[in-house]
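These notes concern the structure reproduced below.
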Amino acid sequence: WFSLTVDWISHMKLIKSGINNVASGILRTLMYAFRFGLAYLAMLPVMSFNIGVLLAAVAGYSAGFFIFGSQVFRNNFKIEPYQDLSDLPPPNC
């Protein structure tokens with residue numbers, strides 16, 4: 001569930017245009033911290049070297065991308081280069 005939630009947060013759009021820059025920055029920072037906290041929580045069980053836990057984490061990230069990141073469940077499949085799809089930058093490895 002942690003990995004699915006991490007992917008959901010990575011692709012969500014909560015901040016409306018026209019919001020104060022300081023409030024927007026604080027909200028993005030909190031979302032970023034929450035996302036990486038969950039990512040580290042998803043990493044801890046994987047470090048147990050249990051292949052079943054690793055496969056569950058990979059399945060969660062894959063399901064999260066399929067639901068939130070792919071174009072399958074969106075009405076408009078054409079995305080312009082200037083459109084911002086989420087509030088947060090992509091996670092770095």
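The values are calculated or read from the model by the stated rules, or taken from the named source; none is laboratory data. Computed from a prediction, not measured in an experiment: that's the story for all the values here. Cβ placement follows ideal geometry from the backbone for every residue including glycine, while neighbour counts extend to all protein chains displayed. What goes into the accessible areas is simple: the full protein's heavy atoms, side chains included, and nothing from ligands, DNA or RNA. Shrake-Rupley method; radii C 1.70, N 1.55, O 1.52, S 1.80 Å.
For this structure, a couple of remarks:
- Count - residues of region 1-20 that are assigned to a helix (DSSP H, G or I) and either open to solvent by 90 Å² or more (accessible area, probe 1.4 Å) or of a type outside the set (A, V, I, L, M, F, W, C) (or both): 7
- Of residues in region 39-53 being free of Cβ contacts under 8 Å to residues at least 24 places away in the same chain and aliphatic (A, V, I, L, M), the one nearest to Thr5 (Cα to Cα): Met43
- Scanning region 21-47 for residues that are at pLDDT 85 or above and exposed (fewer than 10 other Cβ atoms within 10 Å of the Cβ) yields a count of 2.
- Residue pairs meeting the criteria (Cβ under 8 Å; at least 6 apart or on separate chains; first under 29 Å from Val72 (Cβ atoms) and aromatic (Phe, Trp, Tyr), in region 11-38; second modelled with pLDDT under 85 and open to solvent by 60 Å² or more (accessible area, probe 1.4 Å)): Phe36/Pro91
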